[in-house]
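Below is one structure, written out as structure tokens; the observations come after it.
Derivation of every value follows stated rules applied to the coordinates shown; laboratory data play no part. None of these values were measured; they are calculated from a predicted model. Don't worry about glycine lacking a Cβ; one is built from the backbone with ideal geometry, like all the others, and counts go over all protein chains shown.
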Amino acid sequence: MAAVTLKNLSKMYAKVAANDNINMKIEEGEFITLVGPSGCGKTTTLRMIAGLLSPSSGSIFFDDEDVTHTPTQNRGIGMVFQDYALFPHLNVWDNIGFGLKIQKYPKDQVKQRVRQGVEMVNLIGLEGRALSELSGGQRQRVALARALVMEPRVFLLDEPLSNLDAKLRLHMRTELKRIHKRIGVTTIYVTHDQVEAMTLSNRVIIMLDGKIQQKGTPKEVYEKPINRFVGGFMGSPPMNFLENCEIIRENDHLFLVVKGIRFSVPRHFYRAIERLNLSTVTTGIRPEDLSDRNDAVTSQYKSHMLDDTIEMTIDVIEPIGANKLLDLYHKDLRLSAIVKADSSVLPDQHINIKVNLERIHLFDPKTEESLAYFDKL
Amino acid sequence: MRNKHLTPKQLLIKTLFWGLIIWICGTILLPIFAVTMYSLADETTYPRSGGDMVIPPHWGQEGNLLHHFKMVWILEDLPVYLARSLVLALGTVILSITLSAPAAYAFVRFRFPFRKILLLSFFVFMMMPDIVFGVSLFSMFYKWGLINTIIGVIMVHTLRAIPLTLLILNGVFESIPPTLEEAAFTMGTSRLRTLRKVILPLSAPGVAAASIYAFLLSWDDFVLTVLVGGPESYNLAVLASRFMIGTDVQHYRASATAVIMLVPVLFVNFFVQRYMKSDYLTGGMARDF
């Protein structure tokens, strides 16, 4: 096992940067996820760590060893590919044992380790099967075992679950987490699915256009997104954005006004707004931070000066198990909100929506940076 | 007749089925049947000008069903031609595959300038008539002393086969996902061992197909063999054709030679087909293709 450090790593394709000055340190045994929309450079980063792509500049370290120019086969990595890339001419057992045999491990050791691998991914009884006789999920397991029996220093996964159906994906996600817990290998996981990123990893690295946007624990990036992109990308259903919210001053209090609705600005944003001299901001509100006024527990912040209620009309109601997703509108402003499933709401009904002001996000409309990080800028 | 009870759909299927049988007979079995018949029949079976074909033929000649085979075997040195044809065809297979396999692999896996134009040029080359190709090579081959040599004929057959084998192998390597190689690398396999342990077994069916084409091209070649070859390097195709050229057309000997030429072809087809199973390559990827 090894810690992985990337220093100023860049990859250029005909003057376009697929990866632009990537810096990160992944601790030994950590499960880290690179997440972002397609084309953001996450797979490029992973392939450079694997040695399947050579960086245009910068360096890669496994512990203190510079592996930037080490060929893939000497890096001691294990990798699971999006398309599995199993060897179709070999059966399950021989696929898992391929690397061990190539590396000339003694026969009994190969046998023992392949057996462990088969047990780890629950493929007992299928060792002799041809790959064409396996389901997608079983092939996925073979790919996992094949990489893990090599006892890699770094375990790399490139969108491994994207070819599975929803139910199986959920199951394999748990399985992956269980395997990581058991063997504790340094794991770098690439996905475009923010749910996978949030649920699996110790830390998430969010990328866009070849650049790292934010690094942090799932909780950090969810609760304190560094910019509008991260706020909108993490979380499902996604964050609501209110563009061009005008800032109004009344008796030392700040209010946001947009399309005739109005609510207070939390105090911790005052300094940033004044320093940056902003007249408008973009507001981000997560659907779960909007609730039915009637359901809401009376807020401890409630005072006559704190304006946290907006009046909306319900357009569509989507029941999602324990909750209901409300699609709300006011003039041409649309918001989605999550309320409890037992909440008595009806389509076309007017509803008083309570905004959880302590949890709203404000972004500079020009730079799209979060104002919450103003002090650190 | 039970035919009365056939629905139109059943009738259609039945018609198509028998149509297919007739098609197979016409395209494959009829030529084989014709040469086999002539090779086993009396000289008078074959229609002379103005005459009709005698069917059923008078089987055998001089009381021997295999008379014509005996004659070509003894009088025309058929064993020598047979051995030579095999050497030429196998030589062509080995040479063309060893040259075109690395080239095809490079065309598929590496990006280099003029790659597409270069690939295209091979296919244009394929369209050049044998005569132009053979005659143009003659002076060069003459200078190098390759005229009327086994090596010379193998070389010219190989040149002719390469565009075809390259085309086939190009398709073969393109069908092997590059991630398979990358997966092997991540497990500590060197490039060379990856070629041997992954690429080679996976491309075996395609290589077999390309080999058959190269084999048949050489086995069947007449024009180029005549142009750059000579009495020391003629193959069975030239021998068979020679019976048909000139005033004394010995169709029965040509037929007997043709039947002998069929044997390895059927043999090769039968054995190589086992490696060309269509499901050989499936199952390794997330989605079968």
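Computed values, structure above
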quantity: 0 to 90° range, to nearest 10: angle between helix B:115-126 axis and chain B longest Cα axis; calculated: 10
quantity: Taking chain B and dividing mean pair separation by its residue count, relative contact order in percent (alpha carbons under 8 Å, at least six apart); calculated: 25
quantity: Fewest-first ranking of B:Y105, B:Y38, using other Cβ atoms within 10 Å as the exposure measure; calculated: B:Y105, B:Y38
quantity: Where GluC sites (Glu not before Pro) in DSSP loops with at most 13 other Cβ within 10 Å are excluded, longest remaining stretch of chain B; calculated: B:63-231
quantity: Alpha carbon centroid spacing (whole Å) that separates the stretch B:59-123 from the stretch A:114-167; calculated: 44
quantity: Dipole-positive endmost among A:I102, A:L86, A:I353 within chain A (Cβ charges, Cα centre); calculated: A:I102
quantity: Mean separation of Cα contacts under 8 Å (6+ apart) over length of the stretch A:240-376, as relative contact order %; calculated: 29
quantity: Residues B:H58, A:H253, sorted so that the one with the fewest Cβ neighbours within 10 Å comes first; calculated: B:H58, A:H253
quantity: Helix B:251-272 axis, angle to chain B major axis (alpha carbon atoms, nearest 10°); calculated: 30
quantity: Average beta-carbon neighbours from other chains, 10 Å sphere, peptide B:173-185; calculated: 5
quantity: Charge dipole (the protein assembly as shown, unit charges on Cβ, about Cα centre) - positive-most of A:S57, B:V226, B:L16; calculated: B:V226
quantity: Angle in degrees between helix B:78-109 and the longest Cα principal axis of chain B, rounded to the nearest 10; calculated: 30
quantity: Fewest-first ranking of B:R242, B:R193, using other Cβ atoms within 10 Å as the exposure measure; calculated: B:R193, B:R242
quantity: Listed residue pairs exceeding 20 Å between alpha carbons, taken from A:K7/A:K211; A:K259/A:K340; A:K167/A:K224; A:K177/A:K340; A:K25/A:K215; A:K11/A:K177; calculated: A:K259/A:K340; A:K167/A:K224; A:K177/A:K340; A:K11/A:K177
quantity: Test item: Cα-centred dipole of chain B, Lys/Arg +1 and Asp/Glu -1 on Cβ, debye; calculated: 1220
quantity: Centre separation in Å (Cα based) which lies between the stretch B:6-27 and the stretch A:174-191; calculated: 59
quantity: Estimated 222 nm signal from helices in chain A, with DSSP H stretches of n ≥ 4 weighted -39500 (n - 2.57), rounded to 500; calculated: -7000 deg cm²/dmol
quantity: Taking chain A and dividing mean pair separation by its residue count, relative contact order in percent (alpha carbons under 8 Å, at least six apart); calculated: 15
quantity: Rounded to 5, the percent of DSSP beta bridges in the stretch A:4-233 classed as antiparallel; calculated: 55
quantity: Between the stretch B:178-200 and the stretch A:36-93, the Cα center-to-center distance that results, in Å; calculated: 14
